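Following: one structure in structure tokens, then a few remarks.
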Amino acid sequence: MEIDTSTPRLTRREELERRTSFRRSTICAALKPSNKRFDPSFPRPVRLSAGAVAWVESEVDDWIRTRMAQRQAHSP
């Protein structure tokens, strides 16, 4: 078995917004368990510093692919 030793790519919020078509408020809602728009499958951010976070690109890709598969599963 080959182990991937490459460094994961990180995506900042602006790029996450572009890729998901979510705005900041929707991203925050998806991450907050007490919010009615909470999505437990939404990728969690990685804290980079006291004031900076990013998302693992592969986790964002997986989330998008899952959403697309759900759409296809519910199509007539």
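The values are calculated or read from the model by the stated rules, or taken from the named source; none is laboratory data. Quick caveat: nothing in here was measured; it's all calculated off a predicted structure. Cβ: placed from backbone, ideal geometry, glycine included. Neighbour counts: every protein chain shown. We work out accessible area using only protein heavy atoms, side chains counted, and drop any ligands, DNA or RNA first. Shrake-Rupley method; radii C 1.70, N 1.55, O 1.52, S 1.80 Å.
Scan the stretch 60-71 and tell me whether some residue there is open to solvent by 70 Å² or more (accessible area, probe 1.4 Å) and among the small types (Gly, Ala, Ser).
Among the residues of the stretch 60-71, not one is open to solvent by 70 Å² or more (accessible area, probe 1.4 Å) and among the small types (Gly, Ala, Ser), which makes the answer no.
Residue by residue through the stretch 44-59, note down the ones that are open to solvent by 90 Å² or more (accessible area, probe 1.4 Å) and either among the polar types (S, T, N, Q) or over 24 Å from THR7 (Cβ atoms) (or both).
If the condition is that a residue be open to solvent by 90 Å² or more (accessible area, probe 1.4 Å) and either among the polar types (S, T, N, Q) or over 24 Å from THR7 (Cβ atoms) (or both), then no residue fits.
Restricting the stretch 19-43 to residues that are free of Cβ contacts under 8 Å to residues at least 24 places away in the same chain and of a type in the set (S, T, N, Q), which is least open to solvent (accessible area, probe 1.4 Å)?
THR26
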